[in-house]
1. Can you give me the C-alpha center-to-center distance between the range 45-99 and the range 3-23, rounded to a whole angstrom?
2. Return the ratio Rg/(2.2 N^0.38 Å) for the chain, where Rg is computed over Cα atoms only.
3. Only bridges whose two residues both fall in the chain count here: according to DSSP, what percent of them are antiparallel, nearest 5?
4. In the full protein assembly as shown, how much of Asp16 is accessible to a 1.4 Å probe, in Å² to the nearest 10?
5. Roll a 1.4 angstrom probe over the protein heavy atoms and tell me the percent of accessible area of the range 78-132 that is carbon or sulfur.
6. Charges only on Cβ, +1 for Lys and Arg, -1 for Asp and Glu: so what's the dipole of the chain about the Cα centre, in debye to the nearest 20?
7. At R0 = 30 Å, how high is the FRET efficiency between Phe118 and Glu53 if r is their beta carbon distance? Nearest 0.05 is fine.
8. Using a 1.4 angstrom probe, figure out how much accessible area the range 36-185 has per residue, in square angstrom, rounded to the nearest whole.
Amino acid sequence: MKKKILVTGFEPFGGDTRNPSGEAVIALPSSEDYEMGKLILPVSWKRAFPEIEKAWDAWKPDALLMVGLAAGASAIRIERVGINLCGATKDIDGLYADGTEDSCAEKPILADAPDAFFVTYDEKKILDALKKAEIPAKYSYSAGTYICNYLLYSSLAKRKREDADMQIGFIHVPYAEGQREDFPSMPLDTIVSALETVLSEMF
Ligand code: PCA
């Protein structure tokens, strides 16, 4: 049986009209080698992770690859760790992580849980494959403290809780070329190729 990979990207947020992570995930072609499920998530503290959980529980994927935009990045960022912290940043619903409009305190994602979890995809294999494909890529040791890190930490915590044997990781991508003049960017085609390369190295 073919392995199943759930791939997620995001809708636009923070004043941008596009999000290359969602666009690249939508553009990903299917593969002979694995079955792919796709989700394009809202940049919402409350609404994004339940969508992953629902697909995970119903479809039972063998791997989960999440993709998000990292404004300012000039290379593909292979995230290595999710931390137990929500930053004080509002989401597209105008809410902070605690569900309020007016508090701005940082808080843990999960109470009484580990400070961090490492990703479970093979980051070395992925970096080598991206380098071989001549796509600028590097390891990243912080996925930030916004919704991307929230999904990464929450997924790794679920995996641990359920003792699931799943490859889980997060890729941050630059802005798509032509999207913003004030930030580094990468052609959307290259971002799509990068994700195909990552997916081919998930097992
Ligand atoms: N990037 C944000 C959230 C959605 C996205 O594409 C992040 O890095 O947390």
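1. The range 45-99 and the range 3-23 have Cα centres separated by 10 Å.
2. 0.96
3. Restricted to the chain, the bridges split so that about 20 percent are antiparallel.
4. Its accessible surface works out to 30 Å², give or take rounding.
5. Values: 1610 of 3070 Å².
C and S atoms contribute 52 percent here.
6. 360
7. Efficiency, rounded to the nearest 0.05: 0.90.
8. That works out to 48 Å² per residue.
The values are calculated or read from the model by the stated rules, or taken from the named source; none is laboratory data. Quick caveat, the model's predicted, so the values are computed rather than measured. Ideal geometry is used to build each Cβ from the backbone, glycine not excepted, and the neighbour counts take in all protein chains shown. These area figures cover heavy atoms from the full protein model, side chains too; ligands, DNA and RNA do not enter into them. Shrake-Rupley method; radii C 1.70, N 1.55, O 1.52, S 1.80 Å.
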